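Read through the structure below, which is laid out as structure tokens, and then see the notes.
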Amino acid sequence: MTTLTTDPTQTFASKLLGAFMHQRLLAFASLIVLLIVFSLASPNFMQTSNMIAILQATSVNGVLAIAATLVIITGGIDLSVGTMMTFCAVMAGVVLTKAGLPMPLGIVAAIGAGAFCGLCSGTFVAKLKIPPFIATLGMMLILKGLSLVISGTRPIYFNDTPGFDQISRGSLIGEVLPFLPIPNGVLILFLVAGAASYVLSRTVLGRYCFALGSNEEAVRLSGVNTDRWKIAIYALSGAIVGIGGLLIASRLNSAQPALGLGYELEAIAAVVIGGTSLSGGRGTIIGTLIGALIMAVLTNGLRVLQVAQEWQTVVTGAIIILAVYADMMRRNKSN
Amino acid sequence: MTKLVAMTGIEKRFPGVHALKNVQFDLHSGEVHALMGENGAGKSTLMKILSGVYTRDGGTVVIDGFDTAPDSPRAAQEMGIGIIHQELSLMNDLTAAQNVFIGREPRRRFGRLDEPALNRQTAEIFASMKLDMDPRAQVGDQTIARQQLIEIAKALSYKPRVLIMDEPTAALNDVEIAELFEVIRRLKADGVGIIYISHKMDEIKRIADRVTVMRDGAWIDTLDAAQTPLAKIIELMVGREVKDEPPVIPDTSGAQTALEVRGLRRGREIHDVSFSVKKGEILGFAGLMGAGRTEIARIIFGADPRDGGDILVHGQPCNIRSPYDAVGAGIGYLSEDRKHFGLALDMTVRANIAMAAMGKFTSKTGVLDEAAMKQTADGFIAQLGIRTPSDMQDVGLLSGGNQQKVVIAKWLLRDCDILIFDEPTRGIDVGAKSEIYRLLEDLAAQGRAIIVISSELPEVMRLSHRIAVMCEGRLTGILPGGADTTQEQIMELATRREAAPVGE
């Protein structure tokens, strides 16, 4: 119904169109409406620099939300993505700044740390049968604590690693097309989104994501080693969180150990606004991407309109409820 | 006799479907009127109109002489029309009494619940049904049969004069069915009119006074139940003659043993069960509900752990500890509960067929070959005659028989040579049943070992080359298949309890 199991014979364009028409139309339309409303309200909004700022602001939350989407489609939830992101950033700091190793090893450390954390969460859920909410709640606290312990509660700066800040802030696109200085962080977000989308729609791992969320017991009784696949999905999700950790560390040119708490809820909000079902079995990466964009546009637009920060939070909360309500209405109608 | 219900010229259309075409139906006070037809014949739609769930597009509904069709389930209840749905709709964490009076709890002042009155009134209803149950019993702790009786008590609490029962015996064993029929006879004596929907043909003879047959949304005939042979009713239902031949039992004396089980044990459920199945053989498992047949299947398949005993596949000991191991050893299990354990309902036919054999469509990098999957799915759709608009249809939208074929396709694709079918035709109509039977026979003829678990004796006798009978977790005997074995012999073994219960 809403899974992205499309026929390979379809063209890419018609598939993209189909995805928009079918599922994401509502979220996509809301995004467009928001963009129009804010541009009419303030001439400062529709500026290239502001658009790029919105994209840049989306990059970290977008990557985390993509990671969360994978787990949520299996019918699980991951509350640890925020502090896991920080943990991965700290691990990069340990390797690069404290050990003074070259940059590629720092990147491997961050992604590897994420994958390992995901592996642990997945094992708790699959093997120890701990509900995902509890398992990842525990992980969230463990990783928050570990980040503080390992860093000695002080930020780790990447001043000794030239080029590290370019991971997020540099612009490969801008070098080729000077009028479009899209930061690398945004580029990475879209690359991750493309890869995750491919994994979900075209690989065994993705198929089992939907199958587990749809009916886990039936999958197990089909002779599938569900535990192993579930652990793999959590590990992949963790690796993506590791990329998120690199992005935030690069943007701040430092690993801030106190950061992270609250990011998981922002990520889950983006997933939900994007139409992924919290009960599992349905969801898309493109929806999550739009969800993350909606949240960034809202925050940015309200700031441009000089709405107080406190009110921005209230509006975001209301939007989440509205988005899910609208999605359910649509779904009831189509049934 | 007075007419409680008279429906004439009923029309109902859904987008793209003419669901009811000029249908008529009437019900007298104090009679059991069976409504028969294959799945999709329009029985449920007709009953939903009578119980106020749907509104009709045409025709008249006269209830008690008044020309008023109920326009909501609530209105139907007030008119004295009660319905017991096929799927139980009880809240497991509440007590029996809390379920019976849900939404109408007796209250004291300031909205406080009057729990004693609630339990007393429920006890009265149970007593009228001659049902021995504590109103304070937790529903979730009861057997399916007793839950069904609670559901009936709930319907009776509205003091209905018309009671619609949709497949009330689907999950009951013979003793429980007999108890249910007692309740029905008492209701009849009180003048309640009962509309009885069931796929079990023998029940019609036992309980019904009249039979109305529907087919393809149209009324076919209304007949006297006692004077009409069952074959005639089946013929009207499917629109052609259906023959029920005894099985042709092949000579498997020279065949190799495919599966052997020795001394299987698990807790209180299974005590020391040993048997074997040969290649090309169909071994039927008969027994009452709760005799441990499904438990045996789940243990062999690794879905539940075993406490002791050996499983040998093709003569080799096989330490099966998970379904993954079992499938690796070539054992497939088709659960009695397709919707929960067999299929991912909101995934496509193609995805479900490929589910157990995803490895066949996966490259080294884990990328799926959708084109190959489509080809395979289309192949099975043609081979098994799965009626679906395309391989991309959601499985949840197919009929029961076609869903079952999708599950069978899944295991055929995995190339399992030992297949365990648990209630293979539950919820499947008469026409599709014989197709499934033929399929099972073909599978055996190809040299696969087949185990069939069924609560319907005619089904076990129709299919099995040998019949294993269980009672209370023990294998009480294995009978030869074919015409020489009688129902009485099977029932004797199925009720042969141990003289002294084994100490736990």
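From the list B:Thr388, B:Thr425, pick out the single residue that is over 21 Å from B:Thr294 (Cβ atoms) and either hydroxyl-bearing (Ser, Thr, Tyr) or open to solvent by less than 10 Å² (accessible area, probe 1.4 Å) (or both).
Of the residues listed, the single one that is over 21 Å from B:Thr294 (Cβ atoms) and either hydroxyl-bearing (Ser, Thr, Tyr) or open to solvent by less than 10 Å² (accessible area, probe 1.4 Å) (or both) is B:Thr388.
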- Query: Just checking, how many residues over region B:199-230 are under 30 Å from B:Phe14 (Cα atoms), open to solvent by 10 Å² or more (accessible area, probe 1.4 Å) and outside any loop (DSSP other than H, G, I, E, B)?
  - Reply: 9
- Item | Residue check, B:Gly482 surrounded by fewer than 20 Cβ atoms within 10 Å (Cβ to Cβ), at pLDDT 85 or above and outside any helix (DSSP H, G or I) | no
- For region B:323-339, state whether one or more residues are within 11 Å of chain A (Cβ to nearest Cβ), β-branched (Val, Ile, Thr), assigned to a helix (DSSP H, G or I) and open to solvent by less than 30 Å² (accessible area, probe 1.4 Å). yes
- Task: Scan region B:207-217 and give yes if some residue there is free of Cβ contacts under 8 Å to residues at least 40 places away in the same chain and not assigned by TED's automatic domain parsing to the domain that holds B:Lys433, otherwise no.
- Result: no
- Which strands (runs of 3 or more DSSP E) sit wholly inside region B:270-315 and have at least 3 residues that are open to solvent by 40 Å² or more (accessible area, probe 1.4 Å)? B:270-278
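Which one of B:Ile490, B:Ile418, B:Ile453 is under 15 Å from the mean Cα position of the chain (by Cα) and surrounded by 20 or more Cβ atoms within 10 Å (Cβ to Cβ)?
Working: B:Ile490 fails: under 15 Å from the mean Cα position of the chain (by Cα); B:Ile418 fails: under 15 Å from the mean Cα position of the chain (by Cα).
Going through B:Ile490, B:Ile418, B:Ile453 in turn, the sole match is B:Ile453.
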- Query: Inside region A:179-214, can you point out the residues that are away from chain B (no Cβ under 14 Å) and either closer than 17 Å to B:Met358 by Cβ or in a helix (DSSP H, G or I) (or both)?
  - Reply: A:Asn184, A:Gly185, A:Val186, A:Leu187, A:Ile188, A:Leu189, A:Phe190, A:Leu191, A:Val192, A:Ala193, A:Gly194
- Near pairs, Cβ below 7 angstrom, 6+ apart or cross-chain, from region A:304-330 (in contact (Cβ under 8 Å) with a residue 40 or more places away in the chain) to any residue that is assigned to a helix (DSSP H, G or I) and open to solvent by 40 Å² or more (accessible area, probe 1.4 Å): A:Leu305/A:Ala41; A:Ala326/A:Leu26; A:Asp327/A:Leu26; A:Arg330/A:Leu26
- Residue selected from region B:399-416 under the condition in contact with a Lys or Arg (Cβ under 8 Å, 6 or more places away or on another chain) and more than 14 Å from every other protein chain (Cβ to nearest Cβ), by the criterion farthest from B:Ser198 (Cα to Cα): B:Asn402
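How about region A:215-250: which of its residues are facing another protein chain (nearest Cβ under 8 Å) and acidic (Asp, Glu)?
A:Glu217
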- Task: Could you tell me which residue of region B:348-371 is farthest from the other protein chains (Cβ to nearest Cβ), considering only residues that are open to solvent by 30 Å² or more (accessible area, probe 1.4 Å) and part of a helix (DSSP H, G or I)?
- Result: B:Lys360
- Message: Within region A:204-240, take every residue that is farther than 24 Å from B:Gly396 by Cβ and touching a Ser or Thr at 6+ places or on another chain (Cβ under 8 Å) and give me the one that is surrounded by the most Cβ atoms within 10 Å (Cβ to Cβ).
- Response: A:Tyr234
- Task: Please indicate, with yes or no, whether at least one residue in region A:1-23 is open to solvent by 70 Å² or more (accessible area, probe 1.4 Å) and modelled with pLDDT of 70 or more.
- Result: no
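Here are B:Thr143, B:Thr122: which of them is open to solvent by less than 20 Å² (accessible area, probe 1.4 Å) and polar (S, T, N, Q)?
B:Thr122
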- From the list A:Ala99, A:Ala53, A:Ala68, which one is open to solvent by 40 Å² or more (accessible area, probe 1.4 Å), of a type in the set (Gly, Ala, Ser) and under 26 Å from A:Ile32 (Cα atoms)? A:Ala53
- strands (runs of 3 or more DSSP E) fully within region B:1-55 counting 2 or more residues that are open to solvent by less than 60 Å² (accessible area, probe 1.4 Å) and out of contact with any helix residue (DSSP H, G or I) (no Cβ under 8 Å at 6 or more places or on another chain): B:3-14, B:17-28
- Note on the structure: Taking region B:80-96 and keeping only residues that are under 30 Å from B:Thr45 (Cα atoms) and without any contact (Cβ under 8 Å) to a residue 60 or more places away in the chain, one is left with B:Glu87, B:Met91, B:Asn92, B:Ala96
- Task: Could you list, in sequence order, all residues of region B:407-446 that are assigned to a helix (DSSP H, G or I) and of a type in the set (Asp, Glu)?
- Result: B:Glu435, B:Glu441, B:Asp442
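Output the residue which, of all residues in region A:247-275 that are of a type outside the set (A, V, I, L, M, F, W, C) and touching a Lys or Arg at 6+ places or on another chain (Cβ under 7 Å), is most open to solvent (accessible area, probe 1.4 Å).
The selected residue is A:Arg251.
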- Query: Is there any pair linking a residue in region B:44-69 that is at positive phi to one that is open to solvent by less than 20 Å² (accessible area, probe 1.4 Å) and modelled with pLDDT of 90 or more, with Cβ under 6 Å and at least six apart or on different chains, and which?
  - Reply: B:Gly59/B:Ile10
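The values are calculated or read from the model by the stated rules, or taken from the named source; none is laboratory data. Fair warning: this is a prediction, and the values are worked out from it, not measured in the lab. Virtual Cβ from ideal backbone geometry, glycine too; neighbours counted across all protein chains shown. We work out accessible area using only protein heavy atoms, side chains counted, and drop any ligands, DNA or RNA first. Shrake-Rupley method; radii C 1.70, N 1.55, O 1.52, S 1.80 Å.
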